[in-house]
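Undergrad: Mind having a look at this structure? Questions to follow.
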Amino acid sequence: MSTASLAGRWAGGRQFRPVVLNVVSIVAFLVVWHFASALVNSPFFPPPYKIVQAFVNLAQHGDTMGNSLWAHCWASLYRVLVGFAAGVVLGVPLGLLMGLMPGFYAATRSIVEPFRFIPPIAWIPLAIIFFSGLPRFAFLIFIGSFFPVFTSTLVGVSRVEQIHRKVAVVYGASRFYVLTHIVLPTVLPDIMGGMRVALGAAWLTIVAAELSGGTSIGLGRMMVNYAELLQISEIVVGMVLIGALGFAMNEILLSIERRLFRWRWQVTL
Amino acid sequence: MRAEITHRYGDLLVHDGLRLAIRENEFLCICGPSGCGKTTLLDIFAGIVKPSAGEVLIDGEQADPKRHNISFVFQEASTLPWLDVRANIGTGLRIKKRPKAEIGRKVDDIIGVVGLRGFESYYPHQLSGGMKQRVSIARAFATDADLVLMDEPFVSLDQPTREKMQREVLSIWEHRRRTIVFVTHNLEEAVFLGDRVIMLSTKPARIVADIPVDLPRPRNPVSADFTALRARCANLLQEMHADDASQESASKHEA
Ligand SMILES: Nc1ncnc2c1ncn2[C@@H]1O[C@H](COP(=O)(O)OP(=O)(O)OP(=O)(O)O)[C@@H](O)[C@H]1O
Ligand SMILES: [Mg+2]
């Protein structure tokens, strides 16, 4: 979904139509799914109501090992939040630092940039050797979310206009004031954009990391367990929950953005 | 304030030993051809650009925005897009850490002066170009600076608004004297506002004319004295252009 249509959905009086349209889209999607499933008529292609049944069952009784569905959700969510937070907490200051000191960036470019192309999944073998438990997952998610945040912060700093610095400096602003009151407001939209990209990378990474083992809990783990039992519906429940959690977090970030960037969003509405 | 400035951008010599003394509380207007280095000169006066050589002394001290109370109306759009009109105008006061109540009062007063009442909570992208410029002007006068640098501040305003702003600036200045350095291409404006009008040559900028304006205020732009002085300035400007042209053709002949 594009940001423009999301923005429209939030726009006060015009909220209604996009919500209705989205409900219609979802219903249409489910109907098509249902009939496609009926047509194929195979246990490997369950219809939507089977997914709902599986969900209700999991929610009421937990999985085959007695772990509740919420424990799975929370385990994954918690890992994502810790790793994501670490990525933001390190990505923003480092991006600012390198953006403000182009010499530093230029000098370290050939170290920093190649790291960007090593996907977080490629770190899994090392992470398995060096870490276990939460640190392993948090580390991998950190790797996945650091670079989107870092890179967009770095790019954002170059967007700071000289004239805006001058405005602050001419009234006697310190370097720190320029950083917090001129650079940061300019870069913040880029940081938030980077955070939303990072969020996608974080969920991608958590599932891959959980699939690779080392835990008995987490949505990715739950899905592998049911894959071994060839129970498609439960796997799909896991997929839907990942999608829903990611979507919810994205919406939260978007609404923060909207509140923060009234000066910008009003342009697009 | 006294300045002696040599400044280059790379190989480009903009000022070559330009000397200028400005009296305290003087209203000085500067005219000169586009690209001759007026904006650069103001940047150097403000201490936000360091000259390649020479210095700017305010009360015997090196010009420094942290020490001196300076404000600047920039030639280009300079409102901060993430702040509304009220916050934009208060920028200088907040940097100078003035008490909240004082900021509120001063911002409120100046908003009325520049005619932006009712637009306090608008963001820059919701304003017209001229309104944004008035926000910058308000920001510059909210701080009660001792040195106000104004770089073609009224170009984006219509004639009546421009005249109103000229009167407002004059009345602010007469109410509490301060040094104003005002760059304009408009000779009438220069003669109307200034205690003195300085004309700069093309790069490297020299002072080609330094004309005191001794007309009593409030000045009448249609009075004989006013039009005579204005004509004198216009003639000087024309001579300068003629000089440039003849120099140019001479150098072409040589080549
Ligand atoms: N940051 C810079 N880097 C390099 N050259 C510059 C820079 N700023 C200005 N110049 C050059 O210095 C010269 C003077 O520029 P300046 O902006 O001071 O002119 P100006 O007199 O204000 O012109 P205008 O009336 O068009 O505003 C120009 O030739 C310009 O190209
Ligand atoms: Mg200029």
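Every number here is computed from the coordinates shown, using simple stated rules; none is lab data. Treat the numbers as computed from the prediction; the structure is a model and nothing was measured. FYI the Cβ positions are ideal-geometry reconstructions off the backbone, even for glycines, and counts take in every protein chain you see.
Undergrad: Select, from A:257, A:210, the only residue that is assigned to a helix (DSSP H, G or I) and either of a type in the set (Phe, Trp, Tyr) or within 22 Å of residue B:123 (Cβ to Cβ) (or both).
TA: Unique residue meeting the criteria: A:257.
Undergrad: Another question, if that's okay. With the condition kept exactly as written, say whether any residue in segment A:203-222 is within 12 Å of another protein chain (Cβ to nearest Cβ), more than 30 Å from residue B:149 (Cβ to Cβ), without any contact (Cβ under 8 Å) to a residue 40 or more places away in the chain and surrounded by fewer than 18 Cβ atoms within 10 Å (Cβ to Cβ).
TA: So far as segment A:203-222 goes, no, none of its residues is within 12 Å of another protein chain (Cβ to nearest Cβ), more than 30 Å from residue B:149 (Cβ to Cβ), without any contact (Cβ under 8 Å) to a residue 40 or more places away in the chain and surrounded by fewer than 18 Cβ atoms within 10 Å (Cβ to Cβ).
Undergrad: With respect to residue B:95, is the statement that it is more than 11 Å from chain A (Cβ to nearest Cβ) and of a type in the set (Val, Ile, Thr) true?
TA: It is false that residue B:95 is more than 11 Å from chain A (Cβ to nearest Cβ) and of a type in the set (Val, Ile, Thr).
Undergrad: Looking only at segment B:13-34, decide whether some residue is within 16 Å of ligand 2 (Cβ to nearest atom), of a type in the set (S, T, N, Q), within 22 Å of residue B:244 (Cα to Cα) and touching a strand residue (DSSP E or B) at 6+ places or on another chain (Cβ under 8 Å).
TA: No, because not a single residue in segment B:13-34 is within 16 Å of ligand 2 (Cβ to nearest atom), of a type in the set (S, T, N, Q), within 22 Å of residue B:244 (Cα to Cα) and touching a strand residue (DSSP E or B) at 6+ places or on another chain (Cβ under 8 Å).
Results for (1) closer than 22 Å to residue B:71 by Cβ; (2) touching a helix residue (DSSP H, G or I) at 6+ places or on another chain (Cβ under 9 Å); (3) not aromatic (Phe, Trp, Tyr), shown as yes or no for each residue.
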site	(1), (2), (3)
B:139	yes, yes, yes
B:143	yes, yes, yes
B:195	yes, no, yes
B:203	no, no, yes
B:207	no, no, yes
B:228	no, no, yes
B:234	no, yes, yes
B:237	no, yes, yes
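Undergrad: Would you point out which residue out of A:235, A:242 is touching a helix residue (DSSP H, G or I) at 6+ places or on another chain (Cβ under 9 Å), away from chain B (no Cβ under 14 Å) and under 13 Å from residue A:77 (Cβ atoms)?
TA: A:242
Undergrad: Between a residue in segment B:25-42 that is within 14 Å of chain A (Cβ to nearest Cβ) and any residue that is near ligand 2 (Cβ under 9 Å from one of its atoms) and assigned to a strand (DSSP E or B), which pairs come within a Cβ distance under 7 Å, given they are 6 or more apart or on different chains?
TA: B:39/B:151; B:42/B:151; B:42/B:183
Undergrad: Collect the residues in segment B:108-154 that are away from ligand 2 (no atom under 16 Å from the Cβ) and at positive phi, keeping them in residue-number order.
TA: B:115, B:118, B:144, listed by residue number.
Undergrad: If residue B:169 satisfies every condition in (1) over 14 Å from the mean Cα position of the chain (by Cα); (2) among the β-branched types (Val, Ile, Thr); (3) more than 16 Å from ligand 2 (Cβ to nearest atom) but one, which is the exception?
TA: That leaves (1) as the condition not met.
Undergrad: Consider residue B:180 carefully, then state whether it is away from chain A (no Cβ under 14 Å), in contact with a Phe, Trp or Tyr (Cβ under 8 Å, 6 or more places away or on another chain), more than 16 Å from ligand 1 (Cβ to nearest atom) and part of a strand (DSSP E or B).
TA: So residue B:180 passes the test.
Undergrad: Sticking with this one: When you check residue A:191 against the structure, is it touching a residue at least 40 places away in the same chain (Cβ under 8 Å) and within 14 Å of chain B (Cβ to nearest Cβ), yes or no?
TA: yes
Undergrad: If I go through segment B:57-80 residue by residue, how many of them are closer than 17 Å to residue B:178 by Cβ, in contact with a Gly (Cβ under 8 Å, 6 or more places away or on another chain) and more than 9 Å from chain A (Cβ to nearest Cβ)?
TA: Residues flagged as closer than 17 Å to residue B:178 by Cβ, in contact with a Gly (Cβ under 8 Å, 6 or more places away or on another chain) and more than 9 Å from chain A (Cβ to nearest Cβ) within segment B:57-80 amount to 1.
Undergrad: Just checking, does segment B:190-213 include any residue being in a helix (DSSP H, G or I), within 16 Å of ligand 1 (Cβ to nearest atom), more than 14 Å from every other protein chain (Cβ to nearest Cβ) and under 27 Å from residue B:47 (Cα atoms)?
TA: yes
Undergrad: Collect the residues in segment A:218-247 that are over 20 Å from the mean Cα position of the chain (by Cα), among the β-branched types (Val, Ile, Thr) and closer than 17 Å to residue A:66 by Cα, keeping them in residue-number order.
TA: Result: A:224, A:235.
Undergrad: Still on this model: Return yes or no: is residue B:66 without any contact (Cβ under 8 Å) to a residue 40 or more places away in the chain, away from ligand 2 (no atom under 16 Å from the Cβ) and basic (Lys, Arg)?
TA: yes
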